[in-house]
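What follows is a single structure, written as structure tokens, with notes after it.
The values are calculated or read from the model by the stated rules, or taken from the named source; none is laboratory data. What you see is a predicted model, and the numbers here were worked out from it, not measured in a lab. Here the Cβ positions follow ideal geometry from the backbone for every residue, glycine too, while neighbour counts run over all protein chains shown.
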Amino acid sequence: MRPAKIFSISMLLLASLLLRQSLSARGPHFTPAPAGSQNVSFICSATDANGVPLRELTVGQVSITDGTRPAQTVSVLDASNLPIDLGIVLLASKPKFDQEQAAAVELAQKLMRPGKDKVFVITANGDKSWSTPNIPWMTDPAAVATAIRGLDKSTGLPDPFNYSLATDSVGVKRNSVQTYSATDGFSVFDVIWLMMKNDPRPAQRAVVIFRLPLAHGPGLAVTMSSTSSNQAGMMMGGGTGQTEAVSRDGQQVATTSEATHTRLIATAQTMGVSFFAIGLEDSVPQAQTTSASIKRDYMAMHDGNTVNARQYDEDMDRQRELQYTTGRSNVERIADETGGRPMWTNKKNYSDAIASIVSELTSRYIVSFTPAGGSDAGSLRPMKVQVSGAAHVSAPRAYVSPGAN
């Protein structure tokens, strides 16, 4: 068996800046284009209304819109012979981490072809910083399972998506705190990009990542002052009509969140990496799950407090639901726009999500087309892929332009 490549965190840190600077000029490298070719290739899959993959797709079934203009589909080839480079990213989560581990082990055992496919495993977020100095590519499912079971539920790499909103209640007094990332520094996604970039062989590249929808929320758009901490927060008092604002402008938080999501998607599209996101929450809005857990007391200590407290609670419920809904939409964007799928499930160990991911990753196609032209080389161009007879198509929604034809 060939020894697996191992990359240290220090190596990844040193290379992250250079990688960010070089990505704009690079395209996916799962299949090299012939010299002088202006064709573009990408990987996609298509399923029917029951989620069953469509087999033996033909050129005539696949139509591509390049921006607003039709493009010519050149070839559709079975991608099953290509090796798979897979990143598995668990989320440090004390209540459900054991289920994440069980799902990740099942994924490796069902998907990997020993000696052909490669997997690396990391954890995002957590109360403690990532301490494992080396991150290996592994080709043996048993080794992957051992690595997964050895992960610490409290330890992870920095995650730029860690928004939270919580309210404490004492009598008619309310105290709400939102926290979010205030840094654009090294994160778990830099590790993903470096791991993928450091394997030059033609391969399918995918990431299965566990996500909390609320953590991807844009934040409350309220006015706040500035702070220099890595983790910024906003605290509001309710029930007495008083609002205390600390940290930076809330609109800037929303703008930063949107920019971070957009940049992640663009980088994945540039590198040909598809994200399959498994949600750690069901579809019940956060407002419904948290409001029931807060003991609400509207007995006023002073005139007017009861009305203020009740109104505050109603406003915060709406805000929580908005953050959850928008966060869920952001998670879906990451998956849908990179050619993957978002998975929302209540089943133990996420078994149905794992089955769907394995089905998609083992029934994909390499599609090549001739762009409509007119774009600068290296720029991202929007595209839309349609497959006749398919209820759902998983394909990136942008490609790296080779330049004018």
Report, by residue number, each residue of region 48-74 that is among the aliphatic types (A, V, I, L, M) and in a strand (DSSP E or B).
V62, I64, A71, V74
Can you pull out the residues in region 64-96 that are closer than 19 Å to V191 by Cβ and not acidic (D, E)?
I84, L86, G87, I88, V89, L90, L91, A92, S93
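Quick test for you: out of V62, V76, pick the one residue that is under 23 Å from P342 (Cα atoms), modelled with pLDDT of 95 or more, surrounded by 14 or more Cβ atoms within 10 Å (Cβ to Cβ) and not assigned by TED's automatic domain parsing to the domain that holds N162. Show your work before the answer.
Values: V76 fails: under 23 Å from P342 (Cα atoms).
Residue meeting the stated conditions: V62.
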Identify, please: which residue in region 155-186 is polar (S, T, N, Q) and closer than 21 Å to S131 by Cα and is, among those, modelled with the lowest pLDDT?
T183
Checking V358 against (1) β-branched (V, I, T); (2) surrounded by fewer than 19 Cβ atoms within 10 Å (Cβ to Cβ); (3) not in a helix (DSSP H, G or I), only one condition comes out false. Which one?
(3)
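Can you tell me how many residues in region 53-109 are among the small types (G, A, S) and closer than 19 Å to P202 by Cα? Don't jump to the end; show me each part of the working.
The initial filter retains those residues of region 53-109 that are among the small types (G, A, S), namely 60, 63, 67, 71, 75, 79-80, 87, 92-93, 102-104, 108.
Checking the rest, the ones that are also closer than 19 Å to P202 by Cα come to 75, 79-80, 87.
The number of residues fulfilling the criteria is 4.
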Give me the residue from region 79-113 that is surrounded by 14 or more Cβ atoms within 10 Å (Cβ to Cβ) and free of Cβ contacts under 8 Å to residues at least 40 places away in the same chain and, out of that set, nearest to N39 (Cα to Cα).
M112
